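Peer 1: For reference, the structure I am asking about is given below.
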Amino acid sequence: MVTVADVRALALTLPRTTEHLIRDRVKFRVGAIVYVAFSRDEMTMGFGFPREERAALVATEPELFFLPGAADLRFQWVCCHLDRLDHDRMTELVSEAWRMVVPKFLARQRLGG
């Protein structure tokens, strides 16, 4: 099971990331753009994900992933259950969400490709 502490340990190593507590929810962002956020009970995590790919992600693993509430569907966002997420997958998801919000040169420096 992944915890907020696990995500924090990764996220704070990613350049330009800052952590914020907003309305009792832990969020990680670059500038004003949030790329990872936790539910108040810290049981679920939302993260940036390409809008055109999210339906396929949820369809392939519905026990792990789910779409955000109706008000947040306009954003490039998907959610997951932390108790079903392994550390390697979390690393991939958080890193890719971060890649979406930073300049391309910075993402290449950090993650390659």
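Peer 1: Add -39500 (n - 2.57) for each DSSP H run of 4 or more in the chain, then divide by its residues: what number comes out at 222 nm, to the nearest 500 deg cm²/dmol? Please list the in-between numbers first.
Peer 2: Values: 4 runs with 41 residues, N = 113.
Only helices count here, giving -10500 deg cm²/dmol.
Peer 1: If you take the charge dipole of the chain about its Cα centre, with +1 on Lys and Arg Cβ and -1 on Asp and Glu Cβ, which of C80, F66, Q109 is farthest toward its positive end?
Peer 2: Result: Q109, furthest along the dipole toward the positive end.
Peer 1: Over the residues of the chain, compute the C-alpha Rg and express it relative to 2.2 N^0.38 Å.
Peer 2: Dividing the Cα radius of gyration by 2.2 N^0.38 Å gives 0.99.
Peer 1: Under a crude label model (7 Å from the Cα following the beta-carbon direction), how far is R84 from D41 in nanometres?
Peer 2: That separation, rounded to one decimal, is 1.5 nm.
A short reminder: the numbers here are calculations on the coordinates, not readings from a lab. What you see is a predicted model; the values in this text were computed from it and never measured. Please note: Cβ atoms are built from the backbone with ideal geometry, for glycine as well, and neighbour counts cover all protein chains shown.
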